[in-house]
Amino acid sequence: MEAMSPIDERRIGWLSALAWSPRGRQLAVASGEAIRIHSWSAKDGLGERPLRQFGGHDAPIRCLAFHRQGHILASGAADGRTFLWRSDGSGHCIEKRSEAIAALCFSPWG
């Protein structure tokens, strides 16, 4: 795999969460106090525009995780909500907690 270009700190800000897809084809990034996730192709690098943007949280995103098959991305945020996102960009909230979500992962068995 070729190296991606460095992340432009002026454009992205500080990173609050990131996750590589299982096959290393996509990088999902949440930055700073943003409430959106940006997904880039590892092949094309961090161009001017991401492949996709996912939005639905009402507070900064704190963690990201790809499903082992790579077709679903989970996000957890300071608003206590956990979202599941499909590769087409659609998503829905699966859980709302009273506290911020600090970490999440998928089971290796599915």
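The values are calculated or read from the model by the stated rules, or taken from the named source; none is laboratory data. Source: prediction; values computed, not measured. Quick reminder, even Gly has a Cβ in these numbers, built from the backbone with ideal geometry, and neighbours come from all protein chains shown.
When Ser75, Ser41 are checked against the criterion of being touching a Leu at 6+ places or on another chain (Cβ under 8 Å) and surrounded by fewer than 18 Cβ atoms within 10 Å (Cβ to Cβ), Ser41 stands alone in meeting it.
The set of residues in region 77-92 that are within 25 Å of Arg25 (Cα to Cα) and touching a strand residue (DSSP E or B) at 6+ places or on another chain (Cβ under 6 Å) comprises Ala77, Thr82, Phe83, Leu84, Trp85, Gly89, Gly91. Filtering Glu95, Glu48 for residues that are surrounded by fewer than 15 Cβ atoms within 10 Å (Cβ to Cβ), assigned to a strand (DSSP E or B), of a type in the set (Asp, Glu) and at pLDDT below 90 leaves a single hit, Glu95.
Within region 57-66, the set of residues being buried (at least 17 other Cβ atoms within 10 Å of the Cβ) and not in a strand (DSSP E or B) comprises His57, Pro60. For region 26-38, which residues satisfy the criterion of being crowded, with 21+ Cβ neighbours inside 10 Å and either at pLDDT below 80 or polar (S, T, N, Q) (or both)? Matches in region 26-38: Gln26 only. Take Ala74 and decide whether it is of a type in the set (A, V, I, L, M), closer than 16 Å to Ser31 by Cα, part of a strand (DSSP E or B) and modelled with pLDDT of 90 or more. The answer is yes for Ala74.
From Ser41, Ser87, grab the single residue that is at pLDDT below 90 and more than 25 Å from Ala100 (Cα to Cα). None of the other options fit; the residue is Ser41.
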